[in-house]
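The block underneath contains the structure these notes are about, expressed in structure tokens.
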Amino acid sequence: MKIAIFSDPHLGYARFESDSYIQAERTILSASENADLILCAGDIFDVKIPKLETLKKAVEIFKKASVPVFVIHGNHERRARDMVNPVHLLEASTNIVILHGKSSIFEKNGERVQVLGIGSVPEEYATDAVKKTMETYQKDEGAFRIIMLHQSIKELIPGASEEISLEYLETLPFDLIINGHIHETIVKLGGRFLIPGSTVITQLKKDEMAEKGYFLYDTKTRSSEFVPVQSRKFFYEKFEFDDVSQSEIEQQILRRVHEIKKDYPDAVIAIKIDGKLKPGLTLDIRIDDQNVYIENRMDQVGLSAKLQEVKTTLEANLSLREIAIRELRAKTKDRITLFDSSELFEKLLNGSEETLEYLEAQNKNTSS
Ligand SMILES: [Mn+2]
């Protein structure tokens, strides 16, 4: 049997709204053609209460599925117990089946697939939720068994602690473990654990340069292939400058943007600028293109230097007032030498009038 697995279409996602619809529809159409069953691992919608336009689109898109579709809800759709979420509405209007804490069997040509779904729960409850569900789970011995989740995974998130672990999931009696939530395509446990990733760009991060699409899993060979779905190209470009002027930066960036646009006119481009400007300059780059996003980190203290600064501050056990005065002193260093930073800080605390009086007095003192 062939099973198509996709996730996180985030229908209605504001920044790339039409992409979210178009790419989800292409996924459903392609999956219907290639698979006997479609699974969607949550975050079908971007928000808990989508606008009517999005709901209508979702119904139209999921109605195009010509094979059964099993889904779970994601964290973006999760609402309090007994409340209606948008996936419930989609189930009431189409043929999709929601699996939350329950399993369903799909049978074709004498072959059975049993899918257990557990929709998103807060991360700290994920392991307990799975354990609890397993207590009542009726394992179908003769079926190919799948569990589908929408959670963070301990081993995949740096610094994670309470998240459910791959180590635990691996011990469960399933042939295939599917997870949503993480928007990047990931394969683990020799192909037994699959994260298809999102079908739309949602974060302007480097990972998003990878192709969007779905997994096509073959239960006979117990292997999968990633089927790309035509989607908007994303480029993540990093620039580093040293001792340059604003116009040099602008020129270089524009050259690269034009180069990309020549091949992909509607590409989304994220540009990260790092480095140092010529002394005394500040960077104000604006590119007149709504698909170009600029992250300006010029002339900022490097991250490690910043961390060290915070550490030193903590160690010094300074009061908020002392920290503020120190910051003010650092900011005004070499620029304002006429008065004392801590004195100025006190005046600022007392209001703008007093500050102005103080500055004027200082000015008179020095010019006379
Ligand atoms: Mn998501």
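Kindly identify the range 152-201 as rounded, prolate or oblate by the Cα gyration tensor criterion: order the square roots of the eigenvalues as a ≥ b ≥ c, call it rounded if a/c is under 1.5, otherwise compare a/b with b/c, prolate if a/b is larger, else oblate.
Taking the square roots of the gyration eigenvalues as a ≥ b ≥ c, the range 152-201 is oblate.
Can you tell me the length gained on complete extension of the stretch Arg112 to Lys261, counting 0.36 nm per residue apart and subtracting the Cα distance?
Contour length minus Cα-Cα distance gives 48.8 nm.
Measuring with a 1.4 Å probe in the full set of protein chains, what accessible area per residue, in whole Å², belongs to the chain?
Averaged over the residues of the chain, the accessible area is 55 Å².
So which residue, out of Ile285, Ile195, Ile147, gets the largest mean-square fluctuation from a GNM of the chain using Cα contacts under 10 Å as springs?
Comparing Ile285, Ile195, Ile147 in the GNM, the peak value goes to Ile285.
Can you list the residues of the range 4-44 with backbone N under 14 Å from a point 7 Å past the Cα of Leu89, pointing along Cα to Cβ?
11-13, 44
Using a Förster radius of 35 Å, what is the FRET efficiency between Leu348 and Arg192 based on their Cβ-Cβ separation? Nearest 0.05, please.
Computed FRET efficiency for Leu348 and Arg192 comes out at 0.05.
Given the -39500 (n - 2.57) contribution per DSSP H run of 4+ residues, what per-residue ellipticity at 222 nm results for the chain, rounded to the nearest 500 deg cm²/dmol?
The helix contribution divided over the chain gives -10500 deg cm²/dmol.
Using +1 at the C-beta of Lys and Arg and -1 at the C-beta of Asp and Glu, which of Gly275, Gln290, Pro228 has the Cα lying farthest in the positive direction of the dipole of the range 207-338?
The Cα lying farthest towards the positive end belongs to Gly275.
Just to be sure I understand the model, the point goes 7 Å from the Cα along the line to the Cβ. What's the resulting Ile294 to Asp243 distance in nm?
Between Ile294 and Asp243, the simple spin-label model gives 2.3 nm.
Using a simple charge model, +1 on the beta-carbon of Lys and Arg, -1 on the beta-carbon of Asp and Glu, nothing else, what dipole does the range 129-185 show about its Cα centre, in debye to the nearest 20?
160 debye
Starting from the Cα-Cα distance between Arg15 and Leu281, subtract it from 0.36 nm times their residue separation and give me the gain in nm to one decimal.
This chain segment gains 92.6 nm when fully extended.
Select from Leu194, Leu349, Leu90 the residue whose mean-square fluctuation is largest in a Gaussian network model of the chain (Cα-Cα springs shorter than 10 Å).
Largest GNM mean-square fluctuation: Leu349.
Please find, in a Gaussian network model of the chain (springs between Cα atoms separated by less than 10 Å), the residue of Leu216, Leu348, Leu99 whose mean-square fluctuation is greatest.
Leu348
Within the range 188-267, which trypsin sites (Lys or Arg not before Pro) sit in a loop by DSSP and count at most 11 neighbouring Cβ atoms inside 10 Å?
Lys220
Calculate the spin-label point distance for Ala160 paired with Asp274, positioning each point 7 Å from the Cα along the beta-carbon direction, and give it in nanometres.
Spacing of the two 7 Å Cα→Cβ label points: 2.5 nm.
Between Glu322 and Ser66, what is the label-point separation in nm under the 7 Å Cα-to-beta-carbon projection?
Each label point lies 7 Å from its Cα, and together they span 7.4 nm.
The values are calculated or read from the model by the stated rules, or taken from the named source; none is laboratory data. This is a predicted model, so every value here is computed, not measured. Every residue, glycine as well, gets a Cβ built from its backbone with ideal geometry; the counts of neighbours run over all protein chains shown. What goes into the accessible areas is simple: the full protein's heavy atoms, side chains included, and nothing from ligands, DNA or RNA. Shrake-Rupley method; radii C 1.70, N 1.55, O 1.52, S 1.80 Å.
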